[in-house]
Structures are given as structure tokens and as C-alpha cells.
1. When the accessible area of the chain is split by element with a 1.4 Å probe, what percent falls to carbon and sulfur?
2. When DSSP assigns beta bridges and you keep just the ones with both residues in the chain, what percent turn out antiparallel, to the nearest 5?
3. Per residue, how big is the convex hull around the C-alpha atoms of the stretch 177-236? Give it to me in cubic angstrom, could you?
4. Would you list R356, R183 from the most to the least accessible area, probe 1.4 Å?
5. Could you give P(r) for the stretch 1-142, binned at 5 Å from zero, as whole percent values over all Cα-Cα pairs?
6. Under a crude label model (7 Å from the Cα following the beta-carbon direction), how far is V311 from E261 in nanometres?
7. Given R₀ = 30 Å, FRET efficiency for T52-E14 by Cβ-Cβ distance, to 0.05?
8. List the equivalent ellipsoid semi-axes of the stretch 269-321 in whole Å, largest first, each obtained as the square root of 5λ for an eigenvalue λ of the Cα gyration tensor.
Amino acid sequence: MNSRRPISEVLTPELLNGIRERAAGYDSANVFPTEDFEELKAAGYLKAMLPTDMGGFDWGMSEVVESQRLLASHAPATALAVNMHLVWTGVARLLAERGDSRLAMVNEWVADGEIMAFGISEAGNDAVLFDSMTTAQLAEDGSYSFTGLKIFTSLAPAWTKLGIFGKSEEDGEPRLIHGFVDREDPGVETIENWDTLGMRASQSHSTKLNGARVPAGRIHSKLPVGPTADPLIFGIFASFLTLTASVYVGIVDRATELAAEIPRRRRSLVNGGAAYSNDPTIRWQIADAGLLKLALDAHARMIARDLDDRVDHGASWFPRLVAFRTDAGNKAREAVQLALQVSGGGQYYRGSELERLYRDVLASLYHPSDAESAHNTIANWLVGPIVTE
């Protein structure tokens with residue numbers, strides 16, 4: 001039986017250094033970080049949020065936010081890939097802590113070695129969780145057959161169970177049906193189309209569902225179309241937004257570290273060979289990166305703590321979660337640019353770490369909730385929905 005181990009004993013310096021050393025190769029070859037994934041699995045990282053009596057470490061959101069930051073500071077794409085598995089364990093934990101056991105199956109699967117992933121995103125579906133372009137057809141035995149295309153399916157080469165949803169018309173009422181498909185289920189096909197600007201090692205291929213059947217026992221929720229107060233929606237938003245934001249906080253951590261480190265090595269001919277870190281203008285920009293890091297550090301700790309403590313923020317919970325995800329992406333892009341500005345032209349070359357971070361961080365533009373959705377969420381909270389006369 002595992003114990004509630006500290007992060008430093010799971011993500012050891014040796015493990016993290018190996019992951020950082022391999023990151024450039026995985027990115028260049030556009031392949032899944034198999035060795036990273038196997039080492040993280042062997043360390044028990046994929047079971048971290050499970051109770052200790054199920055082989056986990058009983059980590060809450062605070063520990064996973066901290067650990068994902070650390071992992072992302074060494075290899076963002078590896079962290080983002082693993083993130084989607086951890087998100088499901090996070091949803092299961094958040095629901096269980098609030099008396100909802102519908103995702104107990106997730107913990108049981110993960111304890112048995114299953115790898116979870118998200119099949120939620122659909123091209124052109126800006127309603128995200130509140131509607132679906134995938135169809136779900138009910139059978140007499142209570143199973144559903146799903147047909148549609150899911151995009152950005154991270155962990156595509158490794159997942160064994162994929163969380164999906166689709167829309168079903170039953171008794172004249174549309175319903176959103178949530179369940180899990182197995183990788184080997186008929187009608188499930190991986191479309192290997194992940195050739196992107198950044199986060200290449202996440203290998204977030206598309207998944208085509210062609211009548212993929214989900215038995216009744218793997219259907220966990222039936223929700224109305226549109227916004228709903230169902231705890232599942234809060235759980236998915238809270239876990240996904242918080243842990244995805246944490247990956248970008250990790251990029252800020254690393255960008256700030258490089259912004260401080262590289263100018264100390266560079267020498268100025270104009271200033272008689274003095275280190276660039278002595279230049280007041282350079283120091284100002286390094287400090288700007290540090291300000292971003294400290295602000296996000298406080299934001300990340302607050303959100304994770306409040307989730308663990310089950311703080312009731314009422315109607316402001318969704319705006320708070322969206323604000324964290326948006327803020328993390330914005331600050332991460334700014335921090336990487338600052339690091340590039342103070343680090344010289346050498347970092348502009350293909351294969352430098354900052355060049356790779358610059359490409360990786362751009363993925364933050366596309367994760368839900370994007371900037372438009374985030375502003376709409378917060379405007380609705382502050383002034384209410386748009387009123388049509």
C-alpha cells in the first residue's frame with residue numbers, strides 16, 4: 001500500500017532531469033514521450049489523487065497543481081499530455097468529496113492501470129460542454145452508440161479509456177449523454193493528424209467515433225442541453241481549468257528561471273565585458289518576468305486551496321476558474337517573450353529551449369475557456385446576460 005508521499009519523492013531530480021533532456025527530441029520528432037510516460041507511471045504519478053488504500057498518494061488539488069507546475073517546467077508537452085489523465089482523477093475526487101460517487105469507476109480503473117483521456121472538444125462547437133455535435137443513439141439494453149469526431153485527444157497513443165459525450169433525442173427532449181469508451185471498442189478510431197506548432201509530444205490526435213457502443217454501466221450522466229448546475233459540470237470545469245492552467249504556470253516558472261540565468265552568462269562588449277544581468281534595462285525586464293511568476297504563484301495556490309477546502313464561492317466559482325486559466329496563459333506568453341528579449345539571438349535558433357517554450361505556450365490560446373468565452377463568463381457574472389429589447 002502506498003502512503004501520502006511528498007512530491008519530491010515522486011518527481012525526483014533524476015526523473016525530472018531525464019524528462020527535460022528528452023523534451024527537445026520528442027518535440028523535433030513529433031512523437032509521444034513514451035519514456036517519460038513510463039517513468040511517471042512507475043513512480044505512481046498517474047495514481048497520485050487516488051486514496052492510499054487504492055494505491056494512490058491521496059493528493060488533493062494543491063499537490064497536483066504544484067507537481068504539474070514542476071513537471072511542466074521541465075517538459076510542457078509531457079505535462080499537458082499527462083494532465084488529461086489527471087483531470088479525470090481530479091473530477092472523480094472533487095465529486096466524491098462533495099458526496100457524489102458517480103465517477104467511482106474512474107478510481108477503480110486507474111487503480112487497475114487504466115489510462116484516462118478526454119474526448120470532449122469538437123471542431124466548431126463553441127458550446128463546449130453545453131451541447132454536442134456528436135450523436136448518441138439509445139439501444140434497448142441501455143447502451144448508447146456514439147458517432148462524431150473529437151479533436152485534441154491528448155494521450156492518443158496511450159489512453160485506454162476515453163471520456164466522451166454526445167446528444168440524444170429521447171421522448172422529444174435532447175439530452176447530453178456522458179460515458180467512457182474503451183480503446184478496443186468497435187467504432188473507435190484514432191486519426192493521426194497531430195502535426196502542430198507546439199505541444200507536439202502531447203500527440204493530441206483526433207478520435208473518430210463511428211457507432212462506438214458504450215454499455216449502460218459506462219454511462220455515468222444524462223444532462224440537459226445548455227448550462228446546468230449539475231456537479232459533474234463544476235467538477236470538469238474545476239479540474240480541467242485548474243490543472244491546465246498549472247501547466248502554463250510551470251512554463252512561467254521556467255521562463256523566469258531562464259530569464260535570470262542566461263543574462264548572467266552573456267557579456268556586454270559596450271560595458272567592458274560586464275554580465276548583461278548588470279544592465280538596468282535587462283534587470284527591469286527580468287523583474288517583470290518575476291512579477292508575473294509571483295502573481296501566478298499566489299493565484300494557483302489560492303484556487304487549489306479553495307477547491308481542497310470546498311470553499312463556497314457561489315456564482316463566482318466559474319469566473320474564478322476561468323480567470324485563472326486565462327491569466328495563466330496570458331502571463332505565460334508574456335513571460336516567455338520577456339525571457340527571449342533578455343537572452344539574445346541565440347535563443348531564436350531552432351532547437352533552443354526558449355524557442356520550444358515559445359511554440360508550446362501558444363497552445364494556451366486554444367484551450368477552453370478561450371479569451372472570448374472567458375470574457376463572456378465574467379461579463380455575465382458582473383452585469384448579467386445580454387438583454388434583447
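1. 53 percent
2. 85 percent
3. Cα-based convex hull of the stretch 177-236, divided per residue, equals 142 Å³.
4. Accessible-area ranking of R356, R183, largest first: R183, R356.
5. Result, from short to long distances: 2, 9, 17, 19, 18, 15, 10, 7, 3, 1, 0 percent.
6. Inter-label distance under the simple model: 3.3 nm.
7. Taking R0 as 30 Å, the efficiency between T52 and E14 is 0.80.
8. Equivalent-ellipsoid dimensions as semi-axes: 42, 10, 5 Å.
The values are calculated or read from the model by the stated rules, or taken from the named source; none is laboratory data. Only a predicted model underlies this, so the values are computations on that prediction, with no experimental measurement involved. As a convention, Cβ positions derive from the backbone with ideal geometry for all residues, glycine included, and neighbour counts pool all protein chains shown. Accessible surface areas use protein heavy atoms only, side chains included; no ligands, DNA or RNA. Shrake-Rupley method; radii C 1.70, N 1.55, O 1.52, S 1.80 Å.
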